[in-house]
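Chemist: Mind looking over this structure? Questions follow.
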Amino acid sequence: MLEFVKQSKKRKLYCILGILYLLCIIFVANDAWLYSTPIAKLTKVETSVSGEETGTRGTKEKKYKQNIQGVILNGENKGKTISFTNECTYTGMMKQPYHKGDKVLLNGTSKRMGSGIRGLKRDTELMILIGFLMFILIIVAGRQGALTILTVIFNVAVFAIGFWKAGDTSNVLEMCSRLVILFAVITLVGLNGIHKKTWAAVFTTLIVLVMIMGIFDVVIHHAEDLDYSTMEYLGSIENPDEIFHAEILISGLGAIMDVAVAIAASLSEIVEKKPKVTFLELFKSGREIGYDIMGTMINVLLFVFSCGLIPMCLIRMNNDVSLITIIKLHIPCELCRFLVESIGIVLAIPISILVTSVMIKVPGMFRRQKKARKVQGERKC
């Protein structure tokens, strides 16, 4: 086995990454000493049925009572045993059941243990998922996977610093407008390098974002304003329209970038393989590529927005609110966001084709014309 690993540098790298991954999991699983919140490991859980609860539609749900014992893992009370009770239901809608071996956050402080559970300690599971994602990205995509990880980390850092510096919602739209430019440049340049196709994708993304925001502003100006009170938290803020504009700006960035990159990379490859391709042929090729990805990307947007609405729709329908009422009163902003960003995906296709063709094809045409005139001048001499 050792000889098999030594035969390839990639195998050595993968083994090192695998070891680091396991060490990180072990560290996070034993990092209770880093928390100021008291953490307990449950050593005994006794569950019994305490009754039934009737829902709004007459459905019955069993209620459970749990007698729990655990050992404190950190703070001044480390090693002490604590006992408390927990009440939960079958669905776990309000409170969830706990099991032996769970590590939980208590509602006390480092000096006082508390008398109840605040929630599960989930950092180990989170570390497993994040580490596994990074590991398979590097194995499957190699250098590109590592660049993907770096760009994600950098974008998260930029996003966090931007909102930390802002401090409030007074200039959220201005801040997000700047962040969008940073995100586009960091992501595209970081993943694809400094090439003409990269800058074509950057320019396409920014142009399309400006266009869809302009379309949205025109429509809102000539129609009734959206009822922002249906969106969580926005009803009590002084500038909900700016915050909604910022949401559209940020959420539309990824899909538009994806379309722009796909078309720019494909057209760049066509020009590289066939330098004499005409502008019209390039445009037709880009259009066919756009047709292939347009439907998929719009459906991806639909699925992304729909998944966040599932709990809200089910809870309201369970309380006898019709689906039509939910669509009319509770999700108009989500529908508006989906429509605006779908328009952005459609617009990104012709604009990306035009920008990429101009940036890649036109300079080559000028060079060939200049070379031809030079050859003709030499022949005359």
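Chemist: Pop the C-beta distance of Arg143 and Glu269 into the FRET formula with R0 = 25 Å and round what comes out to the nearest 0.05.
Modeler: Numbers: r = 19 Å, r/R0 = 0.75.
So the FRET efficiency works out to roughly 0.85.
Chemist: Could you give the length gained by full extension between Asp292 and Asp123, i.e. 0.36 nm per residue of separation minus their alpha carbon distance, to one decimal place? Walk me through the numbers on the way to the answer.
Modeler: Details: separation 169, 0.36 × 169 = 60.84 nm, distance 4.00 nm.
The span from Asp292 to Asp123 would gain 56.8 nm if fully extended.
Chemist: Then there is this: If we count every other residue with Cβ under 14 angstrom of Thr47's Cβ, Lys/Arg +1 and Asp/Glu -1, where does the sum land? Don't skip to the answer; put the middle values down first.
Modeler: On the way: positive: Lys44, Lys62, Lys63, Lys65, Lys95, Lys100; negative: Glu46, Glu87, Asp102.
Surrounding charge for Thr47 is +3.
Chemist: Could I ask something else about it? So if a site counts as exposed when it's one of the GluC sites (Glu not before Pro), its DSSP state isn't H, G, I, E or B, and it has at most 13 other Cβ atoms within 10 Å, what's the longest stretch of the chain without one?
Modeler: Longest site-free region, per DSSP loop and neighbour criteria: 77-223.
Chemist: Ignoring everything except DSSP H segments at least 4 long, calculate the 222 nm mean residue ellipticity for the chain; use -39,500 (n - 2.57) per segment, divide by total residues, nearest 500.
Modeler: Calculated at 222 nm, the ellipticity per residue is -23000 deg cm²/dmol.
Chemist: Let me ask another. On the full set of protein chains, 1.4 Å probe, figure out the accessible area of Asp241 and give it in Å² to the nearest 10.
Modeler: Per-residue accessible area (Asp241): approximately 70 Å².
Chemist: Have a look at Leu282, Leu13, Leu354 and tell me which one the Gaussian network model of the chain (Cα, springs below 10 Å) gives the largest fluctuation.
Modeler: Leu13
Chemist: Residue separation times 0.36 nm, minus the C-alpha to C-alpha distance between Ile194 and Phe135: what's the value? Can you show the working numbers first?
Modeler: Values: separation 59, 0.36 × 59 = 21.24 nm, distance 2.63 nm.
Extra length available between Ile194 and Phe135 comes to 18.6 nm.
Chemist: Around Glu87, what is the net charge, scoring Lys/Arg as +1 and Asp/Glu as -1 over all other residues with Cβ under 9 Å from its Cβ? Mind showing how you got there, number by number?
Modeler: Numbers: positive: Lys63, Lys65, Lys95; negative: none.
In short, +3.
Chemist: Kyte-Doolittle cut-off 0.0, length cut-off 27 Å along the helix's own axis using Cα: show which whole DSSP H helices in the chain pass.
Modeler: Helices meeting the criterion: 9-29, 143-166, 172-192, 196-221, 240-273, 279-318, 332-380.
Chemist: Can I ask one more? So who's got an amide H within less than 5 Å of the one on Lys95, skipping anything under 5 residues away but keeping other chains? H placed 1.01 Å off N, in plane.
Modeler: Sorted by chain and number, the residues that satisfy this are Thr89.
Chemist: I've got another one for you. May I ask for the distance between the Cα centers of segment 279-308 and segment 175-221, given as a whole number of Å?
Modeler: Going from one Cα centre to the other spans 17 Å.
Chemist: Given a 1.4 angstrom probe, what's the average accessible area per residue across the chain, in square angstrom?
Modeler: Solvent-accessible surface per residue comes out at 62 Å².
Chemist: Where Lys and Arg each count +1 and Asp and Glu each count -1, what net charge lies around Leu267 among other residues with Cβ under 14 Å from its Cβ?
Modeler: Charge balance in the 14 Å sphere: +2.
Chemist: Roughly to the nearest percent, how much of the accessible area of segment 270-328 is carbon and sulfur, given a 1.4 Å probe? Show your work: numbers first, answer last.
Modeler: On the way: 2770 of 4090 Å².
That share works out to 68 percent.
Chemist: Please give the contour-minus-distance gain from Ile215 to Glu61: 0.36 nm per residue of separation, less the Cα-Cα distance, rounded to one decimal in nm.
Modeler: Once the chain is fully extended between Ile215 and Glu61, it gains 50.5 nm.
Chemist: Spin-label point model (7 Å from Cα, Cβ direction): what's the Leu34 to Arg11 distance in nm?
Modeler: Label-label distance for Leu34 and Arg11, simple model: 3.4 nm.
The values are calculated or read from the model by the stated rules, or taken from the named source; none is laboratory data. Everything numeric in this text was worked out from a predicted model, so none of it was measured. All Cβ positions, glycine included, derive from the backbone under ideal geometry; neighbour counts span all protein chains shown. Heads up: the accessible areas ignore ligands, DNA and RNA and are worked out on the full protein's heavy atoms, side chains in. Shrake-Rupley method; radii C 1.70, N 1.55, O 1.52, S 1.80 Å.
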